[in-house]
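To start, the structure under review is shown below, and the notes come after it.
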Amino acid sequence: KSEEKNIAKLNNFTLKDIVGYFDTIQTELRQNFIIEENVRRIQAGENYEEIKEAFKNTPYFGAVMVGEYQTTLFRGWLKGQLILNSASSGQGKTVRAAGELCKVCATELWDDSTQSWIINKNRQGSGLYINTEMDLELELTPCFLGFISNVPRHKIMDGKYDSEEEEARVDRAIQILRDSKIFLVDDPNFTLRSIEDNIKYYKETYDIQYMVFDYIQDNGCVGREMHKTHDVIARDTIILNIATNLKNWARQYGIGIYSMTQLNGNEKTAEIIDEACLSGGKAIKNKIDAGCISLQPRKKEMKFTEGLLLHWQSENQCGDFGENLIKPNTVLHNYKVRFGKYGVGIKIYQYLDKSTGRCIDMFCTD
């Protein structure tokens with residue numbers, strides 16, 4: 001064709017389109033010709049006496065999570081593993097995830113019981129948060145500051161505080177957040193390649209120990225990336241493929257990964273809340289190490305657990321949330337627990353403060 005027609009056609013493509021085209025070619029080359037380097041082969045049981053004895057002093061257990069009951073149930077947040085929390089919109093997925101990352105990365109946290117800053121002995125090192133929907137500075141960072149300072153993020157975003165002391169806590173939280181080396185990446189048009197590139201960069205450069213990916217979805221870009229190597233790919237397959245890669249990267253880079261999904265609507269009528277309620281299909285359960293679904297308590301659950309609630313309230317009349325008696329606003333339905341000793345089907349009733357990400361565990365049932 002003439003040069004004029006070629007230039008006109010070229011103008012139909014963005015720089016991202018062109019870079020994405022060559023990224024896909026490189027991905028295909030890598031898949032077809034590069035031998036996997038992370039394959040290990042051992043004879044089962046060889047030299048295992050030392051590991052067996054080491055478990056006596058250091059049990060196989062991960063970092064403490066925001067919820068103490070879930071920490072016990074999941075055996076903590078272990079490196080090399082993928083935890084999945086699913087919920088419908090508005091149920092606090094992001095604020096909980098920000099709290100989980102602060103719990104393992106923040107150097108200090110505000111303690112209401114002592115009215116002072118305390119050293120976070122649970123800190124494991126630096127962390128990464130890959131975001132796909134929120135503005136990093138205006139919307140996401142207040143979630144981290146709210147958890148660290150225990151000042152509601154709506155006050156931070158409104159710029160209105162109840163006292164000078166409260167604002168001073170937020171100022172201190174900003175410094176703590178910087179010192180904690182939590183890195184935020186905005187990648188709404190993510191592909192499998194871009195996710196791994198970010199993980200690799202921050203692991204090699206800042207030695208991240210934990211990461212949140214917010215959240216597993218078919219954004220169109222990752223689907224087009226996968227269509228280059230597959231003729232037809234269903235949406236469920238795309239979401240399953242993302243989860244599979246997140247699990248593989250957790251092992252490959254030795255980090256703990258926490259992610260989220262939406263629900264498919266089955267939770268509105270299902271008697272038992274489990275993987276059948278996951279958006280993207282229940283096969284995703286096979287790729288994760290621990291999984292839960294966060295829902296508001298149903299009327300029958302509140303009626304059934306009335307005695308447990310009255311007992312908890314009598315024991316905690318003046319808890320962290322003042323003199324008013326509180327009720328659970330979240331039930332965690334835990335449907336996958338790979339290494340736990342209590343099995344699956346455990347329901348954790350808790351109060352989640354959606355303005356700070358902090359929570360109070362109340363009681364559990366099967």
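The values are calculated or read from the model by the stated rules, or taken from the named source; none is laboratory data. Quantities reported herein were computed from a predicted structural model and do not represent experimental measurements. Don't worry about glycine lacking a Cβ; one is built from the backbone with ideal geometry, like all the others, and counts go over all protein chains shown. Protein only, heavy atoms only, side chains kept; ligands, DNA and RNA dropped before computing areas. Shrake-Rupley method; radii C 1.70, N 1.55, O 1.52, S 1.80 Å.
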Single residue of the range 176-192 satisfying the filter (at pLDDT 90 or above and either among the charged types (D, E, K, R) or assigned to a loop (DSSP other than H, G, I, E, B) (or both)) that is nearest to I208 (Cα to Cα) | K181
Within the range 126-157, can you find the residues that are within 13 Å of L184 (Cα to Cα), crowded, with 17+ Cβ neighbours inside 10 Å and out of contact with any strand residue (DSSP E or B) (no Cβ under 9 Å at 6 or more places or on another chain)?
-> P142, C143
Matching option when the condition is farther than 17 Å from D179 by Cα and buried (at least 20 other Cβ atoms within 10 Å of the Cβ), among K56, K93, K103, K52 = K93
Subset of the range 67-89 [surrounded by 11 or more Cβ atoms within 10 Å (Cβ to Cβ) and more than 14 Å from A290 (Cβ to Cβ)] = E68, A87, S88
Among the residues of the range 325-334, is any more than 18 Å from M211 (Cα to Cα), out of contact with any strand residue (DSSP E or B) (no Cβ under 6 Å at 6 or more places or on another chain) and of a type in the set (A, V, I, L, M, F, W, C)?
-> yes
Can you name the residue in the range 261-293 that is open to solvent by less than 20 Å² (accessible area, probe 1.4 Å) and hydroxyl-bearing (S, T, Y) and, of all such residues, is modelled with the highest pLDDT?
-> T261
Restricting attention to the range 22-42, does a residue exist that is surrounded by fewer than 11 Cβ atoms within 10 Å (Cβ to Cβ) and either hydroxyl-bearing (S, T, Y) or within 18 Å of R338 (Cα to Cα) (or both)?
-> no
Within the range 170-183, tally of residues that are touching a Phe, Trp or Tyr at 6+ places or on another chain (Cβ under 7 Å) and surrounded by 19 or more Cβ atoms within 10 Å (Cβ to Cβ) | 2
When only residues in the range 188-225 that are open to solvent by less than 10 Å² (accessible area, probe 1.4 Å) and aliphatic (A, V, I, L, M) count, which is farthest from Q252 (Cα to Cα)?
-> V222
